[in-house]
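Below: the structure, in structure tokens.
The values are calculated or read from the model by the stated rules, or taken from the named source; none is laboratory data. Being a predicted model, the structure only gives us computed values, none of them experimental. Neighbour counts are summed over all protein chains in view; Cβ atoms, including those assigned to glycine, are modelled from backbone coordinates with ideal geometry.
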Amino acid sequence: MLPLECQSMPVRRQPRLIAEMTSQIWPSGGRHRWPSGESSAVQSHPRGHLVYAATGVLGVHTERGTSIVPANRVAWTPAGFTHYHRAHGDTDMRIVFLAPSLARLVPDHPAVFLASNLAREVLLALTGPRDGDDAPDYTRSARSRLLRVLVDELGEAREQPLHLPEPRDDRLRAVARMLYENPADNATLTELGKKTGASSRTLSRLFRDELAMTFYEWRTQLRVYHALVLLADGHDTTQTAYACGWANPSSFIAAFTDHIGTTPGRYRPNRSRPTGSP
């Protein structure tokens with residue numbers, strides 16, 4: 001069972017710039033340009049693959065939960081894992097498949113890595129030019145060397161997921177659904193428990209046992225996820241802060257920077273793109 005789908009935010013969506021999905025596949029990888037809100041089909045692949053959002057923000061959904069992939073992260077999905085992707089903001093998604101000999105050098109579970117500048121540049125080089133539709137001009141041996149550099153870089157990187165694990169318990173799922181629908185809800189765990197028929201102690205235990213985090217850690221991850229969605233869709237920092245439950249823009253900027261490693265303004269499409277994007 002794939003994760004709960006995050007609900008639409010209570011703010012007006014910005015106009016789309018990309019009119020429709022376009023895809024290009026080359027021996028070294030692929031490039032998919034998606035309008036905001038577009039999703040792939042549920043699928044699995046015989047080879048593991050890396051995905052990177054050169055622009056926009058990606059959600060990678062597996063049976064283990066949702067991973068958020070902004071422009072300073074790279075997501076890895078091993079062979080055979082059922083998954084789908086969702087674009088938040090007009091998104092230029094790059095994908096690189098790894099042969100088994102390289103895949104064994106990265107984790108055997110879905111993972112998100114902090115991307116170095118070199119890793120981003122190699123991903124972009126392997127998946128198409130910055131402008132135009134020509135295929136990357138590399139020999140097979142050159143592609144192999146670049147792939148090895150990429151895997152070596154990921155081997156040195158630490159996993160830094162923005163992960164929303166999928167709850168199994170019905171009471172926990174009910175709490176998650178309420179907060180997906182309204183991430184600005186500041187209800188306490190006791191107040192949420194009254195709506196779901198569980199005590200705050202029970203819910204607190206379920207968050208620790210099932211999701212390996214506290215309720216407040218999980219809610220902060222959820223809010224950061226929604227903030228990335230809104231920013232990628234063109235909403236400003238102040239509007240995003242209040243829509244996601246922060247008391248003021250300053251506390252939002254501090255929390256966002258702590259989790260993402262850069263300020264919210266970097267993720268608005270009318271601002272400068274992050275280093276490494278085309």
Query raised in the report: Among all residue pairs at least 6 apart or on different chains, which show Cβ distances below 6 Å where the first residue, located in the range 251-270, is within 20 Å of Ala184 (Cα to Cα) and the second is of a type in the set (A, V, I, L, M, F, W, C) and part of a loop (DSSP other than H, G, I, E, B)?
Result: Phe252/Trp246
Report summary line: Counting only residues in the range 232-256 that are in contact with a Pro (Cβ under 8 Å, 6 or more places away or on another chain) and more than 18 Å from Tyr180 (Cβ to Cβ), the one surrounded by the fewest Cβ atoms within 10 Å (Cβ to Cβ) is identified as Thr238
Report summary line: Residues of the range 200-235 being part of a helix (DSSP H, G or I) and of a type in the set (A, V, I, L, M), in sequence order, are Leu203, Leu206, Leu211, Leu222, Val224, Ala227, Leu228, Val229, Leu230, Leu231, Ala232
Query raised in the report: List, please: which pairs have Cβ atoms under 9 Å, are six or more places apart or on different chains, and start with a residue in the range 139-164 that is closer than 15 Å to Thr127 by Cα and in the same structural domain as Leu114 (by TED's automatic domain parsing) and end with one that is at pLDDT below 85 and of a type in the set (S, T, N, Q)?
Result: Arg143/Ser28; Leu146/Ser28; Leu147/Ser28
Query raised in the report: Within the range 232-248, is there a residue that is under 30 Å from Ser36 (Cβ atoms), touching a Gly at 6+ places or on another chain (Cβ under 8 Å) and modelled with pLDDT of 90 or more?
Result: yes
Query raised in the report: Which residues, taken from the range 168-193, are touching a Pro at 6+ places or on another chain (Cβ under 6 Å) and not hydrophobic (A, V, I, L, M, F, W, C)?
Result: Arg173
Report task. Considering each of His61, His85, His45 in turn, give the residue that is modelled with pLDDT of 90 or more, surrounded by fewer than 20 Cβ atoms within 10 Å (Cβ to Cβ) and either of a type in the set (S, T, N, Q) or assigned by TED's automatic domain parsing to the domain that holds Arg148 (or both). Result -> His45
Report summary line: Among the residues of the range 107-130, the number that are touching a strand residue (DSSP E or B) at 6+ places or on another chain (Cβ under 7 Å), within 14 Å of Tyr52 (Cβ to Cβ) and part of a loop (DSSP other than H, G, I, E, B) is 3
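For the range 87-99, how many residues meet the condition of being assigned to a strand (DSSP E or B) and farther than 15 Å from Thr55 by Cβ?
2
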Requested in this report: Inspect all residues belonging to the range 61-81 and state whether any of them is in a loop (DSSP other than H, G, I, E, B), more than 17 Å from Leu126 (Cα to Cα), out of contact with any helix residue (DSSP H, G or I) (no Cβ under 8 Å at 6 or more places or on another chain) and free of Cβ contacts under 8 Å to residues at least 60 places away in the same chain.
Outcome: yes
